[in-house]
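Here's the structure we're looking at; comments come further down.
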Amino acid sequence: MSTQPVNYLAPMLKPASIALIGVSADQNKFNGRILRYLRMHDFPGKIFLINPKRSQIDGLKCYSDVRELPERPDLALILLNMDNAAAGLEACAERGIPHAVLFSAGFGESNDPKSSKRHEELLRVIENVRDRVRVLGPNCNGFVNYGDGVACASTASLEVDSFIPSDIGLVAQSGGIGGATIPTLANAWGMGFRYIVTTGNEIDLEACDFMEFMIHDPGVHVIAAVIEGFRDGKRLVRLAQEAARRNKPIVILRTGRTEAGAKAAASHTAAISGNQSIFSAVCQQTGMICVDDVDELLETARTLSAVHEWPEAIRLGSLSMSGGFVTLSTDAAEENDVPFPPLAESTKTILRNDLPDFMTPSNPVDLTAAAVGNWHVYGDCLRALDDDPSVSVLMPVLTVNSHIDAPCREFLEFKKKSATPMLVLWPTAHYVGEWYERLWNEDIPVLTSTTRTFKILRLIQDRMESVARIVDSSPPEPKFELPGAASGIRVNDAPLGESATKTILQEIGIASPRQLVVRSEDEARYAAKQIGFPVVLKIEAEGVLHKTDIGGVVTGLQDSDDVANAYNNIMSKAIDSGLDSATLSVLVQETVQGGIEAIIGTTRDPIFGVAVMFGLGGIFTEVLGDVSHRLAPVSLADAHSMIREIKGFRVLAGHRGPASDIDALAAAIVKLSALAKAMEESIDELEINPLFVMPDGRGVIAGDGLILPAQSK
């Protein structure tokens, strides 16, 4: 966790003076373009040039060494090649320059021994100078401060007459995406930024450093990020929670989501991508929005920039002249669970005044082609929808590029008088630049894809729900008391079997079936009679993590003879598998009847810490992968959210049979997550499989359990 003040990066991103080390007089070269862009965009501070081969460039004096400068700059841009970059950084430290940007690549991105050696040398220099100079890069595309005219980058996207400042800050580990693709698209769309920062290899400063700065910068409302890998997931979680409390949305495009992509990211930046399912859960739990491509990143960030305040629940009111788009929108709304609520009778009465006699008012409102020439109906219908108590967000739809002046003016007039969030779905808007840009400039989002529009609305709704949980003022959960049976678990211990795990689970309030441990056929017969038929027999042996793999589980035993045969069969298979008979025992266990099988497990993720997984048993988890994740400890609200978001929730809710005890299930998730978090340093995994979720009011029962202690690396 950083101990520096949050504004320590201000002199880097808002410098009063900049030194360009290794600047070229050829403005077609990389190390010459930056000077041109700084002057093109009217950088207001001082510029010092370092080039020992020239006396001046473009009318500015050149110095032979940064240590000769008459005053200390706030920032040094090190434009030297990879072999001289480390020496340039050492010179900056000697001159007392507090911040530097390293642009060159060739520092450990590949398996080349020379590249690795340069990386180690640069790392050594940074370790020596970190208390004097902080470094952005290497292998980055620099940064741009659009609000203050600080163009410390060389990308061709800076070839524009002027910057468009906004309240969006972008942090990207990829210089290609963040420094070239995104600003080029933004230029074409008329979209602006407050900052764009590309962090490259992050040998010193990392994405979280700049995200933290932007969270506290009053000029930034939305933070967009392109992330390839993570170094401190727990810090990202803390920052996301702080951003949620400040109502500053974070929108993340994460690359390296697949195994192949993760390998590519690792070879590119040497960072760890981590588990995508866990990262998605982190986003949902902390209010961050996770998107899938660059267009979605930009449109989501821009929509949140235009509309700062959103209702707790998005309930759309929409109108269109196209019946086809009414149907298309209805489909997309259903698929993304963004409702078009039924309209009040009073609203329908008002709408009938503007609709043809053959149309029945409904939501979305089909204006039909009769609206052509009667453009006032757009405004009339918008006002009627706005007055409907069930509508919280308005979405008019435009489907053509002719006769658009009048409806667009109606939108602008409506916006002046209403605080209700409004966005326009307009698939052909890119071909009408004037109104597309004008509506955006008046903070009316214009989105061009039906599918993406409703996905963005769903993402915003999910964020609102997460933020509400984060800022909830309810008292914190009481401190978790580690069970006595768990206190003795140490790193490098052997796995804990079912009996020992269940003892711990019982101490935290998760019930188990009645069971007895036996070591002979006669004991097995006696135990079964004590428990009551039918029973289950399971092998109990150190090191056996999956009993069924060695034939170590037999269910549905109805009498003593069944029990005796099962006992002998289990023991025989265990011995045949190489287990020592002297260490074997068998569990005789009560058969749990009437419950739905689920699974709860925890793992220790190397990036984010303890993560909790929940799903239904059998095919739901093993084949369909229908599971949800959260970071531990899980709140009760998040536990209920985990349960509801799996596709199999309808089974628990009583779709075919009695409803399950969902409250008890949520409580079990909370308890297991607290246990795993309390034992974060001593265990790697904890699992209940199956967990029987009984009918409502009857609780949950742990059918089996396993704890894997952490192992020294």
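Results, tabulated for the structure shown:
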| quantity | calculated |
| --- | --- |
| The one condition in (1) part of a loop (DSSP other than H, G, I, E, B); (2) at pLDDT 85 or above; (3) surrounded by 20 or more Cβ atoms within 10 Å (Cβ to Cβ) that residue 347 fails to fulfil | (1) |
| Residue in segment 482-494 that is in contact with a Lys or Arg (Cβ under 9 Å, 6 or more places away or on another chain) and either crowded, with 17+ Cβ neighbours inside 10 Å or in contact (Cβ under 8 Å) with a residue 12 or more places away in the chain (or both) present | no |
| Selected residue (only one of 445, 427 is under 29 Å from the mean Cα position of the chain (by Cα), over 27 Å from residue 283 (Cβ atoms) and in contact (Cβ under 8 Å) with a residue 12 or more places away in the chain) | 427 |
| Any pair with Cβ under 7 angstrom, 6 or more apart, that starts in segment 632-648 at a residue that is over 19 Å from residue 610 (Cβ atoms) and ends at one that is in a loop (DSSP other than H, G, I, E, B) | 646/626; 647/626; 648/626 |
| Among the residues listed as 628, 560, the single one being in contact (Cβ under 8 Å) with a residue 12 or more places away in the chain and within 23 Å of residue 664 (Cα to Cα) | 628 |
| Entirely in segment 45-103, the strands (runs of 3 or more DSSP E) that have 1 or more residues that are under 35 Å from the mean Cα position of the chain (by Cα) and not assigned by TED's automatic domain parsing to the domain that holds residue 21 | none |
| In segment 668-713, the residues that are among the hydrophobic types (A, V, I, L, M, F, W, C) and part of a helix (DSSP H, G or I) | 668, 669, 670, 672, 674, 675, 676, 678 |
| Search result, residues across segment 190-217 that are under 30 Å from residue 434 (Cα atoms) and surrounded by fewer than 21 Cβ atoms within 10 Å (Cβ to Cβ) | 190, 191, 192 |
| Cβ pairs under 7 Å, 6+ apart, first in segment 300-313 and part of a helix (DSSP H, G or I), second at pLDDT below 95 | none |
| Which numbered condition residue 7 fails, given (1) of a type outside the set (D, E, K, R); (2) modelled with pLDDT under 95; (3) in contact with a strand residue (DSSP E or B) (Cβ under 9 Å, 6 or more places away or on another chain) | (3) |
| Among (1) more than 15 Å from residue 499 (Cβ to Cβ); (2) among the small types (Gly, Ala, Ser); (3) in a loop (DSSP other than H, G, I, E, B) - the single one residue 543 does not satisfy | (1) |
| Sole exception among (1) under 49 Å from the mean Cα position of the chain (by Cα); (2) more than 14 Å from residue 590 (Cβ to Cβ) for residue 516, by number | (2) |
| Qualifying residue in segment 72-79 (condition: in contact with a helix residue (DSSP H, G or I) (Cβ under 7 Å, 6 or more places away or on another chain), on the phi < 0 side of the Ramachandran plot, among the charged types (D, E, K, R) and modelled with pLDDT of 95 or more) | yes |
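Listed here are the residues, each with its yes/no results for (1) in contact (Cβ under 8 Å) with a residue 40 or more places away in the chain; (2) surrounded by 14 or more Cβ atoms within 10 Å (Cβ to Cβ); (3) of a type in the set (Asp, Glu).
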residue: 359; (1), (2), (3): no, yes, no
residue: 363; (1), (2), (3): yes, yes, no
residue: 386; (1), (2), (3): yes, yes, yes
residue: 407; (1), (2), (3): no, yes, no
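For every residue, the table says whether it meets (1) modelled with pLDDT of 95 or more; (2) surrounded by fewer than 21 Cβ atoms within 10 Å (Cβ to Cβ).
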site: 113; (1), (2): no, yes
site: 117; (1), (2): no, yes
site: 120; (1), (2): no, yes
site: 123; (1), (2): no, yes
site: 134; (1), (2): yes, yes
site: 146; (1), (2): yes, no
site: 149; (1), (2): yes, yes
site: 156; (1), (2): no, yes
site: 170; (1), (2): yes, no
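The values are calculated or read from the model by the stated rules, or taken from the named source; none is laboratory data. Just so it is clear, the structure is predicted and the values come from calculations on it, not from any experiment. Backbone-built Cβ (ideal geometry, glycine too); neighbour counts: all protein chains shown.
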